[in-house]
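First comes the structure, then the notes that go with it.
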Amino acid sequence: MILIVSFPNNEHVEEVQRHLTRESVVVDLASFPVSLGLSASLSGGRECLQFTLPEGRKLCLNQVGAVWNRRISGYGFHADLSDETGRLFAWSEANEALLGVWYSLGCFWMNPPTADEISQRKIRQLQLARQVGLSIPETLVTNQPDAARQFIGMHGMGNVVRKAFRNIPQAPRETHLLGEEDLALLDTVRYTPVIFQRFVPADLDLRVTVIEDEIFAASISSEARFSADYRPGLASAKVVPYDLPATVAEKLLELMRVFGLKFGAVDFRVTPDGEHVFLEVNPAGEYLFISRRTGQPIPNAIAAALERHDCAH
């Protein structure tokens with residue numbers, strides 16, 4: 001059985017499910033612990049890990065051969081649990097119980113919870129990417145305005161971008177090329193750390209999707225006004241398959257191996273002199289905007305990997 005941790009109406013999940021021939025079940029953690037039941041019984045030399053789905057079906061987790069850890073929703077709690085202390089305690093206990101179940105499943109994960117957690121951290125990404133031999137942009141992460149000013153002064157105005165660690169729906173942030181008007185805002189860096197990077201001029205942006213040892217690379221050619229971040233210009237961008245050089249592919253696979261990732265959506269920039277500069281890896285990144293425009297069988301490959309490991313369980 002294949003367990004998919006996601007939420008309803010996720011088109012990335014639905015597309016993969018169309019290619020699955022083995023049984024799969026989608027579990028939305030937003031229903032836990034309100035209507036998604038959890039039971040872990042260890043007694044008399046026996047153990048049983050079980051979900052009771054909102055519709056009442058019992059799901060024996062010992063029979064799961066592969067887990068696709070796609071996108072996790074926040075837990076949902078009973079409305080009558082209204083006091084802040086009670087909700088905080090309930091969240092802590094629910095999280096501990098669920099993590100205990102996850103770590104007890106001896107099956108294939110795409111991606112394992114610990115690998116997913118660690119690989120999301122931008123500083124660690126850049127550190128490991130450099131260690132395996134990939135090129136990275138010169139980077140400063142700081143909450144000290146003077147350090148930010150020094151970094152910008154070293155590289156020159158118009159040559160530095162600022163990035164968010166993570167885009168959240170309440171405060172989306174594009175990668176932004178700093179201009180003179182941004183200097184007046186540098187004191188606000190003291191409120192929270194900011195990522196500053198040397199701007200990498202590029203002929204192409206790359207989105208490279210890795211599924212175990214399979215690599216699907218695509219180039220993205222955007223209008224000049226989207227030079228710092230291709231995402232806002234995707235509608236007009238040209239997206240085509242790309243042949244990733246073997247040396248870059250080998251280093252990328254090594255990065256995935258060190259992180260313990262079985263899936264990753266990786267961003268590179270290709271400079272005018274042909275250098276491939278690693279920007280980041282998203283362990284739950286989107287891929288349909290690539291597969292639908294290039295024809296690359298990314299959903300098929302995800303389905304095949306899950307079924308291959310489910311069969312072997």
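The values are calculated or read from the model by the stated rules, or taken from the named source; none is laboratory data. Note that the structure is a prediction, hence the values are computed from the model and not measured. So basically every Cβ, Gly included, is an ideal-geometry build from the backbone, and we count neighbours across all protein chains shown. These area figures cover heavy atoms from the full protein model, side chains too; ligands, DNA and RNA do not enter into them. Shrake-Rupley method; radii C 1.70, N 1.55, O 1.52, S 1.80 Å.
So the values come out like this:
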quantity	calculated
Any hit, region 164-184, residues being over 21 Å from N282 (Cβ atoms) and either touching an Asp or Glu at 6+ places or on another chain (Cβ under 7 Å) or polar (S, T, N, Q) (or both)	no
D273 being of a type in the set (D, E, K, R) and crowded, with 17+ Cβ neighbours inside 10 Å	no
Which numbered condition P137 fails, given (1) open to solvent by 30 Å² or more (accessible area, probe 1.4 Å); (2) touching a residue at least 60 places away in the same chain (Cβ under 8 Å)	(1)
2 or more residues farther than 18 Å from A265 by Cα: qualifying strands (runs of 3 or more DSSP E) within region 143-248	160-163, 194-198
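Matching residues to (1) at pLDDT below 95; (2) of a type outside the set (K, R); (3) part of a strand (DSSP E or B):
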| site | (1), (2), (3) |
| --- | --- |
| N9 | yes, yes, no |
| E14 | no, yes, no |
| L42 | yes, yes, yes |
| G74 | yes, yes, no |
| D80 | yes, yes, no |
| R87 | yes, no, no |
| W109 | no, yes, yes |
| I118 | no, yes, no |
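This table checks each residue for (1) free of Cβ contacts under 8 Å to residues at least 24 places away in the same chain; (2) touching a Ser or Thr at 6+ places or on another chain (Cβ under 8 Å); (3) open to solvent by 50 Å² or more (accessible area, probe 1.4 Å); (4) more than 30 Å from V16 (Cα to Cα).
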{"site": "N167", "(1), (2), (3), (4)": "yes, no, yes, no"}
{"site": "P201", "(1), (2), (3), (4)": "no, yes, yes, yes"}
{"site": "S221", "(1), (2), (3), (4)": "yes, no, no, no"}
{"site": "S236", "(1), (2), (3), (4)": "yes, yes, yes, no"}
{"site": "L253", "(1), (2), (3), (4)": "no, no, yes, no"}
{"site": "A265", "(1), (2), (3), (4)": "no, yes, no, no"}
